[in-house]
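First comes the structure, then the notes that go with it.
The values are calculated or read from the model by the stated rules, or taken from the named source; none is laboratory data. In this text, all values refer to a predicted model and were calculated from it rather than measured experimentally. Positions of Cβ are backbone-derived with ideal geometry, glycine not excepted, and every protein chain shown enters the neighbour counts. For accessibility, only protein heavy atoms count, side chains too; no ligands or nucleic acids. Shrake-Rupley method; radii C 1.70, N 1.55, O 1.52, S 1.80 Å.
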Amino acid sequence: MERYDAAIAEPKWQKVWDERGAFRAERDESRPKFYVLEMFPYPSGKIHMGHVRNYSLGDVMARYKRGRGFNVLHPMGWDAFGMPAENAAMQNNTHPGTWTYQNIDAMRAQLKAMGFSYDWEREFATCDPEYYAQQQALFLDMLEAGLIYRKNSVVNWDPVDQTVLANEQVIDGRGWRSGALVERRELNQWFFRISDMADELLAAIDGLKDWPDKVRLMQANWIGRSEGLEFDFEIAANDLSQSEKLTVYTTRHDTLFGASFAAISPDHPLAAEIAGKVPGLEDFITECRQMDTTEAAMETAEKKGFATGIEVIHPFDPNWRLPVYVANFILMDYGTGAIFGCPAHDQRDLDFARKYGLDVVAVVCPEDSDPATFEVENEAYVGPGKLINSRFLDGMEIAEGKEAVASRVGTRKVNFRLRDWGVSRQRYWGCPIPIVHCEKCGIVPVPKEDLPVKLPDDVALDQPGNPLDRHPTWRQVCCPECGGPALRETDTMDTFADSSWYFARFTCPDAKTPTDQADINYWMNVDQYIGGVEHAILHLLYSRFWCRAMHLTGHLPKSAIEPFEALFTQGMVTHETYSTLDSEGRPIWHAPDDLTAGEDQTLVVKETGESVSVGGSTKMSKSKRNVVDPEAIIAAYGADTARWFMLSDSPPDRDVEWTAAGVEGAARFLQRVWRLASEIAGTDRGDEPATFSEAAFALRKTTHRTIQGVGEDIESFTFNKAVARLYELANAISKLGSEDSDLRFARREAMEAMARLMEPMVPHFAEEIWALLGHSAPVVETPWPEAQEDLLSDDVIVMPVQVNGKKRAEISVPADAAKDTIEDMALTDASVQRFMDGKPPKKVIVVPGRIVNVVV
RNA sequence: GCGGGCGUGGUGGAACGGUAGACACAAGCGACUUAAAAUCGCUAGGGCUUAGCCCGUGCGGGUUCGACUCCCGCCGCCCGCACCA
């Protein structure tokens with residue numbers, strides 16, 4: 001028998017959709033819109049299974065909503081700026097732009113082969129000058145609105161590559177590329193005032209009802225609001241410093257009488273002031289600055305301090321003096337860069353106090369301890385309790401104590417963990433910051449009519465550093481204000497800026513301004529955003545900020561300051577790992593393709609015949625070599641098989657393990673449905689019979705329940721359940737023959753539903769069987785079916801009967817039976833009576849339509 | 001350390017507080033075949049004294065007529081954040 005041939009069907013239907021403009025989105029005020037968006041990819045060169053999953057999920061939603069009558073916007077583009085292009089350019093001696101656009105071409109072809117329902121006419125790349133021109137315009141408006149400023153900031157500087165490194169690019173204190181010892185250097189950089197919006201960004205998280213709780217929590221923690229007190233210590237007269245006071249920030253002002261030292265950051269102005277005057281302090285500060293700032297190092301780093309010799313005076317006792325240390329664990333950019341230490345109730349302070357022999361005085365006593373004897377040894381007490389050893393605070397609860405202190409000294413202050421967003425990058429392949437530096441006029445924005453500030457094409461990437469700095473002419477410009485000689489800003493924007501508003505641009509990709517009001521009002525917000533949880537914080541937070549900034553500058557309405565109505569974060573695609581050991585016992589990883597079945601069914605390496613050990617399933621990665629290339633799967637099975645497998649079994653928010661057997665299974669199922677459809681296509685549909693046999697009626701009910709259920713499952717992102725229902729429907733169809741007209745009718749009805757319901761998941765395949773069944777219009781243009789109410793319920797239902805909570809019988813009762821009737825039927829059932837053991841029922845619980853429980 | 005999530009057959013997973021294991025993968029048996037592939041059918045949580053019964057959702061308690069589901073306490077795994085005062 002003929003088989004379904006994806007290699008023929010898939011390109012054929014892609015062409016049909018394309019010719020009919022099936023997925024083109026046009027503004028139409030008369031129809032409700034639905035904006036589905038998947039996180040756009042970085043054009044690395046080829047798509048990977050993570051993309052296949054992400055975009056398959058999004059396509060299910062887009063196609064389903066289209067079937068439901070929504071005017072669907074489902075665009076695709078490219079997050080195309082970034083370092084990999086520069087690295088590739090250096091390695092291959094090409095231009096980053098050439099490399100990027102070639103990759104885009106290759107990946108676009110792959111995505112098209114997957115049959116995703118994108119409106120390709122809206123496609124753009126963030127490196128298109130037309131896009132970044134508008135981003136520059138936004139930058140200028142935001143600058144004018146006071147949302148952007150310049151300040152000096154300490155960065156990780158790689159002295160060999162002459163570039164700034166992100167924290168993640170510093171490994172064991174060295175640059176990840178050059179291996180050079182990273183320095184902390186102060187540079188003048190551009191910042192977005194995201195921290196000014198910290199409170200607002202935090203409060204608005206409550207409104208993000210259709211975001212995963214996990215993501216909302218991660219954002220809340222990232223913003224990190226804390227309420228505390230800022231107050232001054234008077235500095236005791238000394239020979240070292242002219243400063244009169246030291247301002248500290250604390251959230252535990254209730255423990256002020258447990259203070260035994262003050263500490264400042266190595267970057268604190270006071271430290272700088274006295275560094276030269278205290279022997280050894282300069283070296284200590286330098287040492288601190290070289291300290292590794294990675295997480296792993298932080299965890300193990302020792303608390304170190306340096307006594308300055310300066311003392312401060314306790315705010316409530318002029319005779320009480322506290323030594324001031326410079327300490328390596330105090331951060332300059334949180335609070336005031338200075339603290340007071342209360343060792344008894346803060347673990348870090350305790351470690352520090354034990355090391356330097358400072359007093360440890362407990363001032364909070366737990367409820368169940370004796371205030372007279374309570375002491376802190378090696379573990380700081382951070383729980384609730386009453387204040388002790390604290391003069392006028394004695395006997396108060398912590399909250400009362402905080403009140404009492406705050407009413408006498410200092411100012412209440414809310415601090416956030418969130419810092420301003422530094423966007424300057426000393427790189428070529430990014431959006432140029434549209435600024436000119438003039439000796440006379442200072443910082444001058446490039447006039448909007450001169451935008452875009454285009455990247456020069458003729459750049460030399462064969463040396464370290466920013467090629468824009470070295471370009472012979474690009475920097476030299478005339479000052480837009482005075483006309484005198486001036487220099488362009490050579491920093492480019494963080495690529496997170498590019499992805500912070502692309503979703504808005506998709507609504508109007510050709511507009512001459514960043515956004516078009518009519519388009520924005522119609523299409524925004526994104527109704528369903530789908531992507532990896534790895535973007536839970538930065539990308540999503542920056543986007544929320546950027547949209548607020550776009551609102552403040554008149555580019556978005558108030559309603560769009562939260563751009564993503566609903567967010568779904570999908571799991572990873574994993575695969576088993578295979579390894580052998582080298583002579584030193586280190587694992588050598590083997591790709592699935594390099595293996596074959598050995599004699600005793602175990603896996604062996606094709607070339608050497610060595611048997612491999614099978615490791616756990618982990619995220620597909622080059623280093624573990626457990627990667628399966630989507631292109632190979634499409635070539636072997638077709639896009640629909642890959643899509644069907646991706647959607648089967650695993651709930652979309654969990655990891656899915658890619659297995660060869662699973663793919664085979666998916667392919668087999670499609671062939672099976674194909675055979676069924678062919679068989680049914682060969683029979684007449686006929687008119688709807690007046691009566692149905694029990695079997696035909698049952699199939700009709702299954703069909704309509706499937707219609708109902710698949711819709712619900714798609715709405716709730718449990719696509720695996722939708723797939724299971726479709727399996728069940730297929731099973732139900734194949735159980736029956738076509739000998740009678742009512743069966744023929746029911747089977748055809750079921751198969752037509754099957755085709756329509758499968759379309760969001762396996763669209764080419766669905767088109768093929770839809771056509772096979774005799775339809776001339778594509779299934780994508782066919783409305784989603786409605787389940788027939790009367791076929792969703794049963795006249796007679798089977799109810800389980802429990803005796804003392806254990807199922808003992810089943811009874812068939814009319815669906816509309818009264819409770820009493822059901823109870824009578826249950827109690828007279830032979831099996832139920834046997835387990836009642838002749839005793840009278842103490843209680844009978846009847847849950848209509850569900851269960852009966854007899855308690856004896 | 002802080003925060004969050006998860007734990008169900010050989011495997012992925014189903015199950016408004018109401019028949020645990022739907023559906024699938026892998027497996028086994030059978031049919032068709034000279035044979036294989038493909039296909040179709042059947043079996044399948046564990047146990048027993050097997051018309052049937054008992055035990056089973058990481059472990060221990062609790063609430064309830066009834067708990068995979070809710071509550072408390074453990075154990076294990078995964079993820080996020082982390083010197084944030």
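Structural remarks
- Net lengthening on full extension, A:R419/A:V614 (0.36 nm per residue, minus Cα-Cα): 65.7 nm
- Sulfur and carbon atoms: percent of accessible area, chain A [1.4 Å]: 48 percent
- Measuring between their Cα centroids, the range A:515-542 and the range A:677-749 lie 39 Å from each other.
- The modelled label-to-label distance for the pair A:V16/A:E810, using points 7 Å beyond Cα in the direction of Cβ, is 4.2 nm.
- Karplus 3J(HN,Hα) series, Hz, for the range A:444-457 with 6.51 cos²θ - 1.76 cosθ + 1.60 (x for Gly, Pro): 10, x, 5, x, 4, 5, 8, 7, x, 7, 7, 5, x, 7
- Segment A:N93-A:K819, length gained on full extension (0.36 nm per residue, minus Cα span): 253.2 nm
- Judged by the ratio a/c of the largest to the smallest principal axis of the C-alpha gyration tensor, the range A:570-662 counts as prolate, that ratio being 1.5 or greater while a/b is larger than b/c.
- Partner aspartates and glutamates whose Cα lies under 16 Å from the Cα of A:K386, excluding those fewer than 8 positions away in the same chain, are identified as A:D254, A:E367, A:D368, A:D370, A:E375, A:D394, A:E397, A:E400, A:E403.
- The range A:484-533 shape via C-alpha gyration tensor axes, a/c threshold 1.5: oblate
- P(r) weight above 43 Å for chain A, C-alpha pairs, percent: 50 percent
- Think of a 1.4 Å ball rolled over the protein heavy atoms: the range A:430-550 then has 38 Å² of accessible area per residue.
- Surface per residue (accessible, 1.4 Å probe) for the range A:172-243, Å²: 55 Å²
- Signed unit charges on C-beta, dipole axis of the range A:436-581, positive-most listed residue A:T580, A:P452, A:C482: A:C482
- Cβ charges +1 (Lys, Arg) and -1 (Asp, Glu), total dipole of chain A, debye: 540 debye
- Cα centroids of the range A:831-856 and the range A:445-461: 82 Å apart.
- Surface accessible to a 1.4 Å probe, A:L538 within the full protein complex, Å²: 60 Å²
- Taking all protein chains into account, the per residue accessible area for the range A:1-95 stands at 42 Å² (1.4 Å probe).
- Subtracting the Cα-Cα distance of A:R672 and A:A220 from their residue separation scaled by 0.36 nm leaves 157.8 nm.
- Centroid-to-centroid separation of the range A:318-391 and the range A:767-829 [C-alpha atoms, Å]: 67 Å
- Overall form of the range A:57-114 per C-alpha gyration tensor (a/c, 1.5; a/b vs b/c): prolate
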